[in-house]
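Report on the following structure.
Quick note: the coordinates plus some simple rules give every number you see, no bench work behind them. Here the structure is a predicted model, which is why all the values come from computation and not from measurement. When we count neighbours, we look across all protein chains shown, and the Cβ atoms used for this are built from the backbone with ideal geometry, even at glycine.
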Amino acid sequence: MTRLRYLIIISTLFVSIPLYGQSNDTLLLQLDKVILQKEDFRNKKYHNIGQLKHRLEEAHRAKDYEQEYQFCQQLFEEYGSFIYDSAFHYAWRMQELARASGQPEKIATAHLNISFVLLSSGMFHEAIDTLLAIDPRYLTNEQQVTRYNHLGRANYDISEYASDPHFTPYYIARGNAFIRKAIAIADSSAYRKWVLTALLNLNEGNTDKARTYYHKVLDEFDISTHEKAMIFASLATLDLKEADTASAIGNLARSAMADIRSVTTETIALRNLATLLYRQGNMMRQAYNYILLANRDAGFYGARQRTFQISEVLPLIEGEKLKLTENQNQQLQLYVIFLAILAALVLASLLVIINQLIKLRKARKTILQANLNLKALNEKLSEANKIKEEYIAYYFNISTTYVDKLEMLRDSLQRNIDNRRYENLQQAVDKLNIKNERVLLFQNFDNIFLNLFPDFVEGFNALFKPEDQAQLTDDGAMNTDLRIFALIRMGITENEAIAKILNFSINTIYSYKNRIKTRSIVANSEFENHIMAIRSV
């Protein structure tokens, strides 16, 4: 991570390079840097939203419904591509205020906003119904362009979602018809006319014309960061139509950066970028990180179609990431084997040196005791001492060398483990606490299970009188009663298996189940059938 941050910082020195001249490596490094700043951008947006909400409350208290309507419009614009639920809430409130005032123009505007959030969340047919129900007489010319644009986008999105050779051309043709209507009434001096023209050419297969119009907008108009994100994503689509994967990656990186800077969570850039990097096969870490971030953004916004699209590629990328991890584990095993061999060599060397020292001592004693030829003995003794000194120096030298190598290998191994997210292995061993681990196991089980079965507690309590119903703890954990039948709901029905998981005896589990079923308002024989009927998300 430290190295990555360093590279990201270095990459910022090249911000002044022209946008279209940057390499993909530079763009991806810049994208990683922008991702690290994501929370900062989001916090600024929350700050703006907070100020608008405060003003909205003041207008509501003052019963200034005109101001309240305007602040709802501003909050809708803040939330439009950020959080579906909130955007829908303020669009709906605008509708209520407009109906109360009896102003058809404001009602039409509110319906236009509602159609946008429905479209962004993947509710395509509901969005189309809402758009077709709007009376265009009460829309401004710009709003009519927006209405036709939304109708065109809805049909394009349905065609992509359906991905059917029979229906896709039909929906694309419908989308093109609506976009032509938008172009016909759009202001020629405004950028939207050229964006719509580019979009039409893209869907009609006129890639050169589409690219020309998109670059015209980028070069000649001062557009928002969000608009730039959409244009770069469209340019990436054109690149892929022309089999230019490298350019597509660059444009998707630019689009993703613009999405993050504009705090847009209803987006396609990161998902498509992750897919391309996965297909290349040599940038699996980035692909994995980007698809996870795209999945979190889709869930954060509430975009059903984006979540579905991500779910098709996420398992593939996770599978490749798993293979990469397995390869790294194999390399780690090779390091361990090499270290063991090296340690064995060190030990063997020590034994050889000790054996030689023993022999030298015996030779010295023999020479001293013989005393047959003092000069010869002295020469032999001098030679023996020299040999001993050489062996001792060799011993310490090779030992020091091996120790240094061991230390270097250990440090290298540690760094490799750290870089591959194994940095907490040693701490985990040192801090191993079975009781805490079991508590953590239960907490993790509870969190995962309740995410899978959010209505489980409600469904479980429906089988009991109010005074016998179970409650979650203050920190959201399940008690033993809930946990036993949560395991049963997960398909673990054997008392022995449940007892082993919960660290109880089989008799204890049997007693718990009988006691719980006895208190239930349904027959004991039907109790577990009711538990199994509780649905997951």
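Using the eigenvalues of the Cα gyration tensor, what equivalent ellipsoid semi-axes result for region 134-260 when each is taken as the square root of five times the eigenvalue, whole Å, largest first?
Sorted largest first and rounded, they come to 23, 20, 13 Å.
Rg and Dmax of region 71-117, using alpha carbons, in Å: what are they?
9.7, 30
State the three equivalent ellipsoid semi-axes of region 434-532, derived from the C-alpha gyration tensor as the square roots of 5 times its eigenvalues, in descending order and whole Å.
21, 17, 12
Is the shape of region 224-311 best called rounded, prolate or oblate, per the rule: a/c under 1.5 gives rounded, else a/b larger than b/c gives prolate, else oblate, with a ≥ b ≥ c the square roots of the Cα gyration tensor eigenvalues?
The shape class here is oblate.
I'd like to know how region 110-152 sits against the 2.2 N^0.38 Å rule of thumb: what's its Cα Rg over that expected value?
1.02
Convert each backbone phi in region 70-81 into a coupling constant with the Karplus relation 6.51 cos²θ - 1.76 cosθ + 1.60 (shift: θ = phi - 60°), then list the ³J(HN,Hα) values in order as whole Hz, x for Gly and Pro.
5, 5, 4, 4, 5, 5, 4, 5, 5, 8, x, 10
Order of LEU199, LEU472 from fewest to most other C-beta atoms within 10 Å?
By the 10 Å Cβ count, ascending: LEU472, LEU199.
Given points 7 Å out from each Cα along the Cα-Cβ axis, report the LYS500 to LEU368 separation in nanometres with one decimal.
6.8 nm
Compute the distribution of all C-alpha to C-alpha distances in region 166-324, in bins of 5 Å from 0, and list the percent of pairs in each, rounded to whole numbers.
2, 9, 16, 18, 20, 17, 11, 5, 2, 1, 0
Going out from 0 in 10 Å bins, what whole percent of all Cα-Cα distances in region 145-206 drops into each bin?
Result, from short to long distances: 26, 53, 18, 3 percent.
Please give the net charge around GLY50, taking every other residue with its beta carbon less than 12 angstrom from that of GLY50, where Lys and Arg add +1 and Asp and Glu add -1.
+2
Quick one: ARG55, ARG296, fewest Cβ neighbours within 10 Å first, how do they rank? Could the numbers behind the result be given before it?
Numbers: ARG55 16, ARG296 13.
Starting with the residue having the fewest Cβ neighbours, the order is ARG296, ARG55.
Where does the charge balance sit around ALA154 when Lys and Arg score +1, Asp and Glu -1, over other residues with C-beta under 13 Å from its C-beta?
Within the 13 Å Cβ shell, the charges total -1.
Taking neighbour counts of Cβ atoms within 10 Å as a proxy for exposure, in what order, fewest first, do ASP455, ASP157, ASP219 appear? Could the numbers behind the result be given before it?
Working: ASP455 13, ASP157 18, ASP219 7.
Result, fewest neighbours first: ASP219, ASP455, ASP157.
Can you compute the FRET efficiency between GLN333 and LYS45 using 1/(1 + (r/R0)^6), with r the Cβ-Cβ distance and R0 = 45 Å? Round to the nearest 0.05.
Between GLN333 and LYS45 the formula returns 0.45.
Using a ≥ b ≥ c from the Cα gyration tensor of region 40-139 (square roots of the eigenvalues), is it rounded, prolate or oblate, where a/c under 1.5 gives rounded and otherwise the larger of a/b and b/c decides, a/b for prolate?
Because a/c hits 1.5 or more and a/b fails to exceed b/c, region 40-139 counts as oblate.
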